[in-house]
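The structure under discussion appears below in the form of structure tokens.
The values are calculated or read from the model by the stated rules, or taken from the named source; none is laboratory data. Everything quoted here is computed from the prediction, not taken from an experiment. Virtual Cβ from ideal backbone geometry, glycine too; neighbours counted across all protein chains shown. Each accessible area value is taken on the protein alone, full model and side chains, heavy atoms only, with ligands, DNA and RNA left out. Shrake-Rupley method; radii C 1.70, N 1.55, O 1.52, S 1.80 Å.
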Amino acid sequence: MSIVQRMAPDTPLLQVDGLTKRYGARIGCADVSFDLWPGEVLGIVGESGSGKSTLLSCLAGHQPTDAGRIRFDGRDVLAMSETERRRLARTDWAYVHQNPRDGLRMGVSAGGNVGERLMAVGARNYGDIRGKALDWLGRVEIAADRIDDRPRAFSGGMQQRLQIARNLVTGPRLVFMDEPTGGLDVSVQARLLDLLRGLVRDLGLSVIIVTHDLAVVRLLADRLMVMKSGRVVEQGLTDQVLDDPQHAYTQLLVSSVLQV
Amino acid sequence: MTDQAYNFAYLDEQTKRMIRRALLKALAVPGYQVPFASREMPMPYGWGTGGVQVTAACLTPEDVLKVIDQGADDTTNAVSIRKFFQRTAGVAVTEATGEATIIQTRHRIPEQPLKAGQILVYQVPIPEPLRFLEPRETETRKMHELEEYGLMHVKLYEDIARHGQIATSYAYPVKVEGRYVMDPSPIPKFDNPKLSVNPAIQLFGAGREQRIYALPPFCNVVSLDFDDHPFRATKAAHDCDLCGAKDSYLDEVITDDAGGRMYVCSDTDFCAGRQAAGHAGRLAAGGKA
Ligand SMILES: Nc1ncnc2c1ncn2[C@@H]1O[C@H](COP(=O)(O)OP(=O)(O)O)[C@@H](O)[C@H]1O
Ligand SMILES: [Mg+2]
């Protein structure tokens, strides 16, 4: 089933206002504001330590924020009870970790990993769950006969693809990704990127993707946010930002003068 | 004869009160694991110190105690716990399920239906049903609090994926009163249906893990399953070779070096009672062939 949602929605899916997170005296991210529209892919780039992961984990509710507001589908995320937020996290949201070990259950078979979110929302028919798991393994190019193998036996690229399948199986409305291609060999990265691009296009996913790799956002992101020292220094359409950067830091970033 | 060096039933009154408070809370919130300050007992942890402490907190001088291990009254574990309470509490003991007011058990529920007024105390090694897939205690507590039990079905899914069916045959997870998922201790799943709507009080004590939980009389207990792989309370497809019972849980006993075997009731009191009433199985002495 491919759900391409390209209708003109009249409210953003996610509205972020003045989001700030400090680690003691150190700034994690400061005064971040943006809107994400349904079906949009937002890339967050910046050098290491610029606050990308901090921002993403605050958005996903993985850690508390110090100031600001997050609205998902009009609902105030920070005012939600933990129960509501965790329910959101296993239904409407998905989170792909840089290290697949953080996002997979290493002691559970590939099929069980993909099926977990289905069972978490009440699926109780084994045959259906297995059928959906098989379908999703196929979509992320994992052979059907690996369904009962544990991810330990998988290569890094396969583990990452499995993590993606596990996250997308319940049709989340918003996907967070933190350096999904990081830590992989270059050739493996390219294949994963192609796969991600296909999924994003076919499913019309709304994605916030954090990366330090400009090639990733050039391929995937509709819009770009550039971060430096915890703050957003520039945002705009991906092509605009990359081809005609306005901020001096972005110019450095794009010209590859900065080794990020 | 009570050994005067000990308080009644070994534990001091303050400890017993602490355990009773935990028990009352556990009964008020069926299936919920209540932490308690487990005491050192004069026996190793594997010997059911959790159950022993619960029994000690419940015993009164008028009680009649039965202790079983895997259904049998005469195993080392059962005998030593029974002796322990004879010595420290001076209570009457019995092997007859129907005569006991408190039954401490490891790994079985008696075949004879329990009645109102009886207390069944389970020895529990691992109280947390989610432990297998989520080792972090902070996380499992959160999952219970928020009723996030999808993981329990992942465990059953893994079972079917690996064995073609739900192979879990002991400690089969249940949901209590539609709320808490609970580990019924390593009883065979054959016994699971007896957990539900039981007139007796069922108390569970985990000594090493310092947890107490409970099922009040007549509460609803449902074994988890899938629509297309429903729960089945299975047993060996045989009748008891001694008493002929068709519907009791059986132990397989190897009888000789040549692979000879027999099936006998794991509940020794139940089996003896049936034999005394004239029932006979395939291999009963002087029984029908
Ligand atoms: N858990 C933490 N405790 C203290 N400081 C942290 C923590 N996580 C990140 N930081 C700091 O916050 C800043 C942003 O880090 P991070 O969000 O990881 O950046 P990025 O993902 O862009 O590399 C850095 O200065 C980093 O050292
Ligand atoms: Mg990071």
Degrees between helix A:156-168 axis and first principal axis of chain A (Cα, 0 to 90, nearest 10): 90
For a quick check, take a GNM of chain A with Cα springs below 10 Å and name the residue from A:GLU234, A:GLU47, A:GLU82 with the largest mean-square fluctuation. A:GLU82
In whole angstrom, note down how far apart the Cα centers of region A:100-159 and region B:161-205 are. 27
Report, in deg cm²/dmol and to the nearest 500, the calculated mean residue ellipticity at 222 nm for chain A, where each DSSP H run with n ≥ 4 adds -39500 (n - 2.57) and the sum is divided by the residue count. -11000 deg cm²/dmol
Among B:VAL221, B:VAL124, B:VAL253, determine the one that fluctuates most according to a GNM of chain B built with springs between C-alpha atoms less than 10 Å apart. B:VAL253
Tell me, what % of the accessible area of region B:109-202 is carbon and sulfur with a 1.4 angstrom probe? 54
Given H placed 1.01 Å from N in the peptide plane, which residues other than close sequence neighbours of A:GLN98 have an amide H under 5 Å from its amide H? A:ASP178
Name the long-range amide H neighbours of B:LEU250: under 5 Å, sequence gap of 5 or more, or other chain; modelled H, no Pro or chain starts. B:ALA236, B:SER266
So, in Å, what gap is there between the alpha-carbon centers of region A:200-260 and region B:216-252? 61
Roughly how many Å is it from the Cα centre of region A:6-65 to that of region B:8-57, as a whole number? 49
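Name the shape class, rounded, prolate or oblate, that the alpha-carbon gyration tensor gives for region B:115-238, where a ≥ b ≥ c are the square roots of its eigenvalues, rounded holds for a/c under 1.5, and otherwise prolate holds if a/b is larger than b/c and oblate otherwise. Don't jump to the answer; show the numbers that get you there.
Details: a/c = 1.63, a/b = 1.10, b/c = 1.48.
Oblate is the answer for region B:115-238, as a/c is 1.5 or above yet b/c matches or exceeds a/b.
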Eligible lysines near B:LYS16 by straight Cα distance, threshold 26 Å, same-chain separation 8 or greater: B:LYS25, B:LYS66, B:LYS83, B:LYS115
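Pull out a ≥ b ≥ c, the square roots of the eigenvalues of the alpha-carbon gyration tensor of region A:110-189, then state rounded if a/c is under 1.5, prolate if not and a/b is larger than b/c, and oblate in the remaining case. Before the final figure, lay out each step's value.
Numbers: a/c = 2.39, a/b = 1.43, b/c = 1.67.
Cα axes put region A:110-189 in the oblate bin.
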What are the ³J(HN,Hα) couplings of region B:53-70, residue after residue, when phi is run through the Karplus curve with 6.51, -1.76, 1.60 and θ = phi - 60°? Round to Hz, x for glycine and proline. 5, 5, 4, 4, 6, 9, 4, 10, x, 7, 5, 10, 9, 10, 10, 10, 10, 6
Looking at the P(r) of the protein assembly as shown, how many percent of alpha-carbon pairs lie beyond 47 Å? 31
Measure of exposure for B:GLU252: accessible area at 1.4 Å probe, Å² rounded to 10, is 90
Just check region B:132-202 against the gyration tensor rule for me: Cα atoms, a ≥ b ≥ c as the square roots of the eigenvalues, rounded for a/c under 1.5, and otherwise prolate or oblate depending on whether a/b exceeds b/c. oblate
Beyond 24 Å, how much of the Cα-Cα pair distribution for region A:19-127 remains, as a whole percent? 36
What list of ³J(HN,Hα) values in whole Hz, one per residue of region A:108-123 in order, does the Karplus curve 6.51 cos²θ - 1.76 cosθ + 1.60 (θ = phi - 60°) give from phi, with Gly and Pro shown as x? 10, 4, 4, x, x, 4, 6, x, 4, 5, 5, 5, 5, 9, x, 5
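To the nearest whole percent, what portion of all C-alpha pairs in region B:7-48 is separated by more than 14 angstrom?
Values: 485 of 861 pairs.
Here the long-distance tail beyond 14 Å is 56 percent of all Cα pairs in region B:7-48.
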Explain nothing, just compute: Karplus ³J(HN,Hα) = 6.51 cos²θ - 1.76 cosθ + 1.60, θ = phi - 60°, for every residue of region A:207-217 in order, whole Hz, x for Gly and Pro. 9, 10, 10, 9, 7, 9, 9, 5, 5, 5, 6
Given only helices, namely DSSP H runs of n ≥ 4 each adding -39500 (n - 2.57), what is the per-residue ellipticity at 222 nm of chain B, to the nearest 500 deg cm²/dmol? -8000 deg cm²/dmol
With springs only between Cα atoms under 10 Å apart, run a GNM on chain B and tell me which of B:GLY259, B:GLY90, B:GLY207 wobbles the most. B:GLY259
Which of the GluC sites (Glu not before Pro) found in region B:55-103 are loop residues per DSSP with 15 or fewer other Cβ atoms within 10 Å of their Cβ? B:GLU62
